[in-house]
1. Which loop-located trypsin sites (Lys or Arg not before Pro) does the range 267-363 contain, where loop means any DSSP state but H, G, I, E or B and the Cβ has at most 12 other Cβ atoms within 10 Å?
2. Would any residue of the range 421-459 have its amide N under 16 Å from a label point 7 Å out along Cα→Cβ of His474? List them or say none.
3. By its C-alpha gyration tensor, with a ≥ b ≥ c as the square roots of the eigenvalues, how is the range 290-421 shaped: rounded for a/c under 1.5, else prolate for a/b larger than b/c, else oblate?
4. What size of dipole, in debye to the nearest 20, comes out for the chain about its Cα centre when the only charges are +1 on Lys and Arg C-beta atoms and -1 on Asp and Glu C-beta atoms?
5. Under 1.5 on a/c is rounded, so check that first for the range 235-308, then, if it is not, pick prolate when a/b is larger than b/c and oblate when it is not; a ≥ b ≥ c are the square roots of the alpha carbon gyration tensor eigenvalues.
6. Among the lysines in the range 145-225, how many pairs, 8 or more places apart or on different chains, have alpha carbons under 17 Å apart?
7. Cβ under 9 Å from Ala24's Cβ, Ala24 left aside: what net charge do those residues give with Lys, Arg +1 and Asp, Glu -1?
8. Along the range 249-259, what does the Karplus equation 6.51 cos²θ - 1.76 cosθ + 1.60 (θ = phi - 60°) give for ³J(HN,Hα), rounded to whole Hz, x for Gly and Pro?
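Laboratory data are not the source of any read-out in this text; all were calculated from the coordinates shown. Owing to the predicted nature of the structure, the values given are computational and were not obtained by experimental measurement. Glycine also receives a Cβ, built like all others from the backbone with ideal geometry; neighbour counts cover every protein chain displayed.
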Amino acid sequence: LAASCTASNRTFPPGFKFGAATAAYQIEGGWNATDKGESIWDRFVHDDPTRIPNNENGDIACDSYNNWERDIEMAAELGLHFYRFSLSWSRILPTGFNNRISEDGVRYYNNLIDGLLARGIEPFVTLYHWDLPQPIQDLSGWTNPLIAEWFAEYARVVYTLFGDRVKLWNTINEPIVVCDAVYNTGAYAPGVSNSEVAPYVCNKILLMAHAKAWRIYDEEFKPKYHGKVSITNNLLWVEPATEEFKELAELALQNFGGRYSHPIYSKEGGWPPGIEEVMFQNSLKRGYSKSQFPAFTQEEKDLVRGTFDFFAFNHYTSRYIRKAKEGETFAPFPVGDVEDLDGINMMPEGSEVGATSWSAVFPEGMRRLLVWLKEQYGDIEFVIAENGFPTYGGLEDTSRINYHKEYLEQMLLAINEDGVNVTHYTAWSLMDNLEWVDGYAHKFGLYEVDFTDPKRTRTPRQSAYYYASVIAHHSLDVSID
Ligand code: GBH
């Protein structure tokens, strides 16, 4: 590997693009500004303020609702080619439905989009990053099949409003969090715990919602706007603890990534090999008379298959996997164990862990994942939509610089040595923000945000200067002092 990392290989391909990401609930604040509707995160944190340490919540967050001009300025300071942010569904459609469009919400996102474009920064827009309108949750949210239609209607409104200027779209961020993480523990909004039925019902319905939203763009908007739409999966890389667990590791990858990718990206469509059978056996073991894992009809398979313009994914960390020992208990999936496969996930030995307990640094995982994805789904375009490292704060964030450097090195090896077509890299995050139920103590920002300051002043960290330099030189051969 060292030999292949020559100076020339440390340059990114021509046209390769760099960005940084945020998400609406994590940065915007303005939770009830003008006519904005309530989202499941608003309800979740207000119902029981102790859900996040120190009673923290996203009511104000980075106050990007008011600080959007500074956000654009930061993106420009970094020299970003694109800025990935998400839309708050309830800020645009206060009821969740298309009967009322909020003028204030539309104005907010128009300002942001136009401001970015004025600085030559491309907006990369996510339609859904976990903040479901509460009225739709009241109708069972992602476990009600009708949500596919409601989400598609929301998507049409958004494409109509912003499609003339936004060319890069994500439908849903990290479906495995929306379905598996949420329902397994109930620790995320809407706080419903139902680990045996809900994650799998949600899995299928969410794919249908994505497919409908993709097809609406493809049929009604692509001919005039020529943009691209995809979903963003969260992908953990999994290694077998020993040779004997190779098959288990492969099944774990299919379970973690394949359940949200195979139906869309594989030639044949439908669930990934092996998974339906495992889920059927699990359902019987748990006392159900039939599989709790919903099958696709041929028509549904065809609707979902091929609904992508590129493959986008977020990648942070890796695990080793082994079979559970008799009587061993499982930590909740997905970041914990894989009870469905009788698998125990282990942290890579000796790797550095950041502020958040799941954040083990394992840069090789990036390259192996990219190679695996190309093998699975073919020589398609790959977009890294999030990659980043949590610290406890401070402007001198050497650990974050090393993380980005090492993960970018592995991405370059995948591009240069393995011929994987990666076109975009996105750092999570542009700035510190509400790290969901972990609160504000875990910081992922290239920019530090002072949450004690009513102005929410942003200050660049060392990593911001490093990233700006990588982007300016289009190369990893940079020094930052
Ligand atoms: C991403 O999730 C998110 O897109 C982003 O909003 C977030 O701020 C960022 O990364 C940093 O965390 O699985 O039950 O243990 C990364 C994947 C999935 C990791 C959820 C933490 C915690 C809940 N995350 N997981 S659980």
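1. Lys267, Arg286, Lys290, Lys325
2. Of the residues in the range 421-459, 422-425 have backbone N under 16 Å from the label point off His474.
3. oblate
4. The dipole magnitude comes to about 800 debye.
5. Oblate, because a/c is 1.5 or more while a/b does not exceed b/c.
6. 4
7. The answer is -1.
8. With the stated coefficients, the range 249-259 comes to 5, 4, 5, 5, 5, 5, 6, 7, x, x, 4 Hz.
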